[in-house]
1. When the residues of the stretch 182-213 are narrowed to those that are modelled with pLDDT of 70 or more and basic (Lys, Arg), which ends up nearest to residue 140 (Cα to Cα)?
2. So in the stretch 151-181, with the set limited to residues that are among the aromatic types (Phe, Trp, Tyr) and either touching a residue at least 40 places away in the same chain (Cβ under 8 Å) or surrounded by 20 or more Cβ atoms within 10 Å (Cβ to Cβ) (or both), which one is farthest from residue 132 (Cα to Cα)?
3. Any chance you could count how many residues in the stretch 182-203 are within 23 Å of residue 93 (Cβ to Cβ) and surrounded by 12 or more Cβ atoms within 10 Å (Cβ to Cβ)?
4. Among the candidates 117, 172, 111, which residue alone is outside any strand (DSSP E or B) and within 27 Å of residue 87 (Cβ to Cβ)?
5. Go through the stretch 137-146 residue by residue and tally those that are outside any strand (DSSP E or B) and at pLDDT 95 or above.
6. Which of the numbered conditions does residue 133 fail, given that it passes all the others? Conditions: (1) modelled with pLDDT under 95; (2) surrounded by fewer than 15 Cβ atoms within 10 Å (Cβ to Cβ).
7. Suppose we filter the stretch 107-118 for residues that are surrounded by 21 or more Cβ atoms within 10 Å (Cβ to Cβ) and touching a Pro at 6+ places or on another chain (Cβ under 6 Å); how many remain?
8. Name the one entry in 149, 102, 188 that is farther than 22 Å from residue 74 by Cα and assigned to a strand (DSSP E or B).
Amino acid sequence: MAKPNASQPNLDPRLGAILRIAGELRDLPRADFRSRLKAELAAQSKEVESSASSPSGGKPLITHQDIEERLKQIAEQPKFIVHDVNAALSDLPGMTMRFLDAMNDHLLVVSRGSQRSKWERHLGSDEMIYVTEGKTEVETLTEDGPVKATVRAGSLFVCPEGLWHRLTPQPSVSAFYLTPRNTEGSAAKDPRSKKERVKRGRKGARSRDAAMLREHELQAALREVVITYGRPFLGICVGMQLMADRGREFETVEGLGWIGGEVVAIVCWLLICQLTTTGEACGVPPSIETCKPAGTVRM
């Protein structure tokens, strides 16, 4: 093999063929192959260095224009990319974010902050929040009032679709999000519409007021003043309802029991049929049957 051109000794023909092939392969790879391989390795090395200098997810997003540009990049970027979440968070300034990729109708987002966020809600799907470092309080506005949850590093939180929520870092937080594309934001003190606030206030008012009476131990004091000593008592709306045994308008809530009976919901048909002669305002004939309330105030 050291001298491939030398004559071969008397060997088994099969072994001689193997030695001849081995001698021919001794000088591989050829010079042109080595040169081409060196150039390709150098080019790949530059790509790796470039990738390392630009964290996964591109530059931090601050303005609306930044977001629009990044969304276009995501739409054009190749598939099968491995994203380093820690690298994307490593040099991220406070109160900024990066979009790593898209998945179905969601965006994969990382962010870091130490200030309370604005209100936001997502339409069409829930949002997942996974805290990688620090902790945050997530406040969610529900029909029964604000719900607060503390999410620590290594924990995740799912915010239901359509509910306004905001984050208050304690004192700072880094997190990974699976966020629906259809998202609304608000800097208002209360982002809900007037209709949403009124609905929530009506639905939860009775239970909240009854809970406050129990919490401050006012039931016995009120009964003594009103029932025992006969002092006049004026109850308006929920205050009047609380005087009954219980209310079933939206949920069952125990009242003060001063007046025997229950308070239940009444639908619009009764009022409309009382105020009109034809019933056309609610699209029903003016008969007694169609004017039945959904419930009655039984006292």
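1. Looking at residues that are modelled with pLDDT of 70 or more and basic (Lys, Arg), I get 192.
2. Of the stretch 151-181, the ones among the aromatic types (Phe, Trp, Tyr) are 157, 164, 176-177.
Checking which are either touching a residue at least 40 places away in the same chain (Cβ under 8 Å) or surrounded by 20 or more Cβ atoms within 10 Å (Cβ to Cβ) (or both) leaves us with 164, 176-177.
On the way: 164: 23, 176: 7, 177: 10 Å.
For the stretch 151-181, the residue satisfying everything is 164.
3. Matching residues across the stretch 182-203 total 2.
4. Just a single option satisfies the conditions, and that option is 117.
5. Taking the stretch 137-146 first, the residues outside any strand (DSSP E or B) are 143-144.
Cutting the leftovers down to at pLDDT 95 or above gives us none.
Adding up the residues that qualify gives 0.
6. Only one criterion is unmet by residue 133, namely (1).
7. So the answer is 1.
8. Details: 102 fails: farther than 22 Å from residue 74 by Cα; 188 fails: assigned to a strand (DSSP E or B).
One residue alone meets the criteria, 149.
The values are calculated or read from the model by the stated rules, or taken from the named source; none is laboratory data. Here the structure is a predicted model, which means the values were calculated and not measured. Glycine gets a Cβ as well: all are built from the backbone with ideal geometry, and neighbour counts include every protein chain shown.
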